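Everything below concerns the one structure shown next.
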Amino acid sequence: MKSLIFVTLFMLGFSIAPAEPQVSHAADEAALRENVKQLETGWNTKSGAAFAKPFADDADYVIINGMYIKGRAVIATAHQQIFDTIYKDTTLTLTVKQIRFLRPDVAVVHVSGHREDSTKESHAAMLTLVMTKEKQGWTIAAFQNTAVTAKG
């Protein structure tokens, strides 16, 4: 009888235990999405500085062709060069596909990208961004740009 009472109390304890609080990431997700929007706006206004604004000072950036560059200043300068030349007549559309919080201050963000040129030719990419929450807000610590080839 004592064991039945113990089991009953034990089970009752689980049923009335307070639920784990759900952590809301709504404000953080909005900030992450705003960083992605900043990339798109920077590209479409042809401003290397605006494009690079959400990056950390020491950000790692892997270009779609596999080249690697480091730092917000280099990202800004390199993008201004391509905006002034080969990508001056392009537009970029970015869509956040997934946000995954690894910790409350670290998130992986997957973004679908489509670049269109003046001939309406479209190029697709999948971006992987690692963002960290710093004193000044969320910044892009690492960026990987991968071309998506047409399925055929």
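The values are calculated or read from the model by the stated rules, or taken from the named source; none is laboratory data. This one's a predicted model, so the numbers in the text were calculated from it and none came from an experiment. Cβ coordinates were reconstructed from backbone atoms using ideal geometry, including for glycine residues, and neighbour counts include every protein chain displayed.
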Open item on the list: List pairs: first residue in segment 27-46 and among the hydroxyl-bearing types (Ser, Thr, Tyr), second residue not in a helix (DSSP H, G or I) anywhere in the structure, Cβ distance under 9 angstrom, at least six positions apart or on different chains.
Closed with: 41/47
Open item on the list: Among the numbered criteria (1) surrounded by 14 or more Cβ atoms within 10 Å (Cβ to Cβ); (2) among the aliphatic types (A, V, I, L, M); (3) within 20 Å of residue 41 (Cα to Cα), which one does residue 107 miss?
Closed with: (3)
TODO: Taking the residues in segment 65-85 that are hydrophobic (A, V, I, L, M, F, W, C) and over 17 Å from residue 54 (Cβ atoms) as candidates, determine which candidate is farthest from the chain's Cα centre (by Cα).
DONE: 82
Open item on the list: Name the single residue that is surrounded by the most Cβ atoms within 10 Å (Cβ to Cβ) among those in segment 67-101 being of a type in the set (Lys, Arg) and closer than 16 Å to residue 140 by Cα.
Closed with: 72
TODO: From 46, 53, grab the single residue that is among the basic types (Lys, Arg), surrounded by 14 or more Cβ atoms within 10 Å (Cβ to Cβ) and either modelled with pLDDT under 95 or on the phi > 0 side of the Ramachandran plot (or both).
DONE: 46
